[in-house]
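Participant: Take this structure first; my questions come after.
The values are calculated or read from the model by the stated rules, or taken from the named source; none is laboratory data. Since we're looking at a predicted model, the values are computed, not measured. Don't worry about glycine lacking a Cβ; one is built from the backbone with ideal geometry, like all the others, and counts go over all protein chains shown.
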C-alpha cells in the first residue's frame, strides 16, 4: 500500500534540551494513526514537523515518497496537508464564520458563489450552520475549533494533522467530530490525550517517548 508519510529517525530539540530522537513512522494511504504521550514529550512539535512548520534536528521526512529537505520543499504540498493546531485562536483570517471558511477556497481561485455554496454545505455537515454570520471571536472555544476544522476540510487535503481536536468541545460536539472524521477517507495523524476519543477513530496508537515511538495498539 502506498505511503503518504514516512519519517525516518527524526529527532528534535529546543535550545535547552533534547525532546525526542529516533522517531520513525509510516502512515499509509487513508490510514489513521494516533499519537499519545506525556506532557512535554513533543507531540505537538512532531505534528509541526510533519506540517513543515518547524524543522527537525536530524532525520528524513517523505511525503508521497518525495523527500522534504527543507521547509521550502513543503510548499508544493501545502494544499495536500490540513493542520489543526491545539490553539486555534490565531488560526482565523476573516471576522465571520462563513467568510473564514470561504477564504481557503477563494484563495485557490474558486468563484465566490461556488465557494459560498460549498462552505454552507460544510457548515451544515458539521452542525454549525447556525453560526454562519457570527463573529468568530464571539464563539466558544469549542465552536472555534469546529469552525477551524471546517476551514481545513473544505479544501479536501490528502493528509490531516490534528492536535488535541477535542479540547474545549462538549459531548455533542465531540460526537459530531468523531462521526465526521470516521467518514473521511484521508491519511490522518491525531494527537490526543483523550483515549476514548482515539479508540473511536483508529486502532493504531503510538506512544511518543524520548527515544522514539512505541506502538501500543
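Participant: Just to be sure before I move on: is residue 88 surrounded by 19 or more Cβ atoms within 10 Å (Cβ to Cβ), farther than 19 Å from residue 187 by Cα and in contact with a helix residue (DSSP H, G or I) (Cβ under 9 Å, 6 or more places away or on another chain) in the structure I sent?
Facilitator: So residue 88 passes the test.
Participant: Which of the numbered conditions does residue 72 fail, given that it passes all the others? Conditions: (1) touching a helix residue (DSSP H, G or I) at 6+ places or on another chain (Cβ under 9 Å); (2) surrounded by fewer than 16 Cβ atoms within 10 Å (Cβ to Cβ).
Facilitator: The number of the failed condition is (1).
Participant: For region 197-214, name all the residues that are in a strand (DSSP E or B) and farther than 10 Å from residue 33 by Cα.
Facilitator: If the condition is that a residue be in a strand (DSSP E or B) and farther than 10 Å from residue 33 by Cα, then 207, 208, 209, 212, 213, 214 are the ones that fit.
Participant: Can you tell me which residue is surrounded by the fewest Cβ atoms within 10 Å (Cβ to Cβ) among those in region 201-211 that are out of contact with any helix residue (DSSP H, G or I) (no Cβ under 7 Å at 6 or more places or on another chain) and under 19 Å from residue 28 (Cβ atoms)?
Facilitator: Residue satisfying both the conditions and the ranking: 203.
Participant: Does any residue of region 10-23 turn out to be modelled with pLDDT under 95, farther than 15 Å from residue 158 by Cα and in contact with a strand residue (DSSP E or B) (Cβ under 6 Å, 6 or more places away or on another chain)?
Facilitator: no
Participant: Out of (1) assigned to a strand (DSSP E or B); (2) free of Cβ contacts under 8 Å to residues at least 60 places away in the same chain; (3) within 15 Å of the chain's Cα centre (by Cα), what's the single condition that is false for residue 78?
Facilitator: (1)
Participant: If I go through region 65-75 residue by residue, how many of them are part of a loop (DSSP other than H, G, I, E, B) and modelled with pLDDT of 95 or more?
Facilitator: 1
Participant: Could I ask something else about it? Go through the residues of region 128-137 one by one and say whether even a single one is on the phi > 0 side of the Ramachandran plot and buried (at least 16 other Cβ atoms within 10 Å of the Cβ).
Facilitator: Checking region 128-137: not a single residue is on the phi > 0 side of the Ramachandran plot and buried (at least 16 other Cβ atoms within 10 Å of the Cβ).
Participant: Name the residue that is surrounded by the most Cβ atoms within 10 Å (Cβ to Cβ), counting only residues in region 28-57 that are assigned to a helix (DSSP H, G or I) and either in contact with a helix residue (DSSP H, G or I) (Cβ under 8 Å, 6 or more places away or on another chain) or in contact (Cβ under 8 Å) with a residue 60 or more places away in the chain (or both).
Facilitator: The selected residue is 46.
Participant: Then there is this: Suppose the filter is within 30 Å of residue 26 (Cα to Cα), buried (at least 17 other Cβ atoms within 10 Å of the Cβ) and in contact with a helix residue (DSSP H, G or I) (Cβ under 6 Å, 6 or more places away or on another chain); does residue 115 pass it?
Facilitator: No.
Participant: Considering 136, 61, 98, which residue is closer than 22 Å to residue 26 by Cβ and either modelled with pLDDT of 95 or more or out of contact with any helix residue (DSSP H, G or I) (no Cβ under 9 Å at 6 or more places or on another chain) (or both)? Outline the logic, then answer.
Facilitator: Numbers: 136 fails: closer than 22 Å to residue 26 by Cβ; 98 fails: closer than 22 Å to residue 26 by Cβ.
Of the residues listed, the single one that is closer than 22 Å to residue 26 by Cβ and either modelled with pLDDT of 95 or more or out of contact with any helix residue (DSSP H, G or I) (no Cβ under 9 Å at 6 or more places or on another chain) (or both) is 61.
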